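Note sheet for the following structure.
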Amino acid sequence: DAGITQSPRYKITETGRQVTLMCHQTWSHSYMFWYRQDLGHGLRLIYYSAAADITDKGEVPDGYVVSRSKTENFPLTLESATRSQTSVYFCASSRSRQETQYFGPGTRLLVL
Amino acid sequence: DQQVKQNSPSLSVQEGRISILNCDYTNSMFDYFLWYKKYPAEGPTFLISISSIKDKNEDGRFTVFLNKSAKHLSLHIVPSQPGDSAVYFCAARAMEYGNKLVFGAGTILRVKS
């Protein structure tokens with residue numbers, strides 16, 4: 001039972017490069033979410049998706065792009081990485097709008 | 001403007017004693033509250049939740065109390081164990097905002113043996 005996985009777990013990139021973080025879940029959950037965790041801020045929602053081909057912005061969407069062509073995958077793309085996007089990124093999923101969100105192990109991203 | 005606040009960045013407790021983690025919120029529309037626990041290099045894991053129609057929810061050693069008038073909730077861990085050492089995040093959501101969670105900044109709990 002793989003649950004929810006993220007790749008890569010660690011990534012170093014340079015300012016201006018495009019980076020894609022992957023998220024895959026095996027539960028067929030309808031909802032998927034991307035958060036970033038920064039010291040002093042807890043977790044902040046970047047984007048979320050209610051189903052395949054349905055996405056919406058969260059609290060901090062600027063500089064990020066998402067897509068969801070398949071229910072099980074929810075990639076997050078930084079189109080032109082900036083140092084302020086250095087963070088730990090967590091993907092989460094839930095079966096329905098009201099149910100508990102389950103988190104992946106996170107991707108630690110460093111933008112130089 | 002942080003809608004969910006955890007004002008204690010860290011807490012240190014002796015094994016066997018009670019740990020009390022606090023959380024305050026400002027948005028009166030929040031109707032459901034959760035606590036997540038996070039170990040280093042892992043994702044947050046759901047611990048316990050409470051609906052705004054209740055004032056207490058208990059699950060084993062973990063109890064969450066909600067005081068709606070004060071917009072305050074707390075997580076009690078009794079007795080505390082060294083394995084409870086982790087970061088604890090308080091989160092809240094409002095029905096009309098869907099399932100979007102708003103998290104506090106977290107409290108680092110250290111349980112000393």
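Just for region A:27-51: of the residues that are part of a loop (DSSP other than H, G, I, E, B) and either touching an Asp or Glu at 6+ places or on another chain (Cβ under 7 Å) or among the small types (Gly, Ala, Ser) (or both), which one is nearest to the other protein chains (Cβ to nearest Cβ)?
A:Gly40
Could you tell me whether region A:76-83 includes any residue that is over 16 Å from B:Phe89 (Cβ atoms) and touching a helix residue (DSSP H, G or I) at 6+ places or on another chain (Cβ under 8 Å)?
Checking region A:76-83: at least one residue is over 16 Å from B:Phe89 (Cβ atoms) and touching a helix residue (DSSP H, G or I) at 6+ places or on another chain (Cβ under 8 Å).
Taking A:Cys23 and the conditions (1) within 25 Å of B:Tyr39 (Cβ to Cβ); (2) out of contact with any Phe, Trp or Tyr (no Cβ under 8 Å at 6 or more places or on another chain), which numbered condition does it fall short on, given that it satisfies the others?
(2)
Could you check region A:84-97 and list, in sequence order, the residues that are of a type in the set (A, V, I, L, M) and at the interface with chain B (Cβ under 8 Å from one of its Cβ atoms)?
Correct list: A:Ala92 only.
Considering region B:8-44 alone, what residues qualify as being within 12 Å of chain A (Cβ to nearest Cβ) and exposed (fewer than 13 other Cβ atoms within 10 Å of the Cβ)?
Passing the criteria: B:Pro9, B:Tyr39, B:Pro40, B:Ala41.
On the given criteria, is A:Arg108 in contact (Cβ under 8 Å) with a residue 60 or more places away in the chain and farther than 16 Å from B:Leu101 by Cα?
yes
Would you check if A:Asp62 is assigned to a loop (DSSP other than H, G, I, E, B), surrounded by fewer than 18 Cβ atoms within 10 Å (Cβ to Cβ) and either on the phi < 0 side of the Ramachandran plot or not acidic (Asp, Glu) (or both)?
Yes.
Among the β-branched types (Val, Ile, Thr), at the interface with another protein chain (Cβ under 8 Å from one of its Cβ atoms) and not in a helix (DSSP H, G or I): which single residue out of A:Thr100, A:Thr55, A:Thr71, A:Thr77 fits that description?
A:Thr100
Scan B:Ser74, B:Ser85, B:Ser69 and give me the residue that is of a type outside the set (Phe, Trp, Tyr) and in contact with a Lys or Arg (Cβ under 8 Å, 6 or more places away or on another chain).
Of B:Ser74, B:Ser85, B:Ser69, the one residue that is of a type outside the set (Phe, Trp, Tyr) and in contact with a Lys or Arg (Cβ under 8 Å, 6 or more places away or on another chain) is B:Ser85.
For chain B, list the strands (runs of 3 or more DSSP E) that sit wholly inside it and hold at least 2 residues that are touching a Gly at 6+ places or on another chain (Cβ under 8 Å) and either within 30 Å of A:Val60 (Cα to Cα) or not aliphatic (A, V, I, L, M) (or both); which are they?
It comes to B:86-93.
Every number here is computed from the coordinates shown, using simple stated rules; none is lab data. Just so it is clear, the model here is predicted, and its values are computed rather than measured. Please note: Cβ atoms are built from the backbone with ideal geometry, for glycine as well, and neighbour counts cover all protein chains shown.
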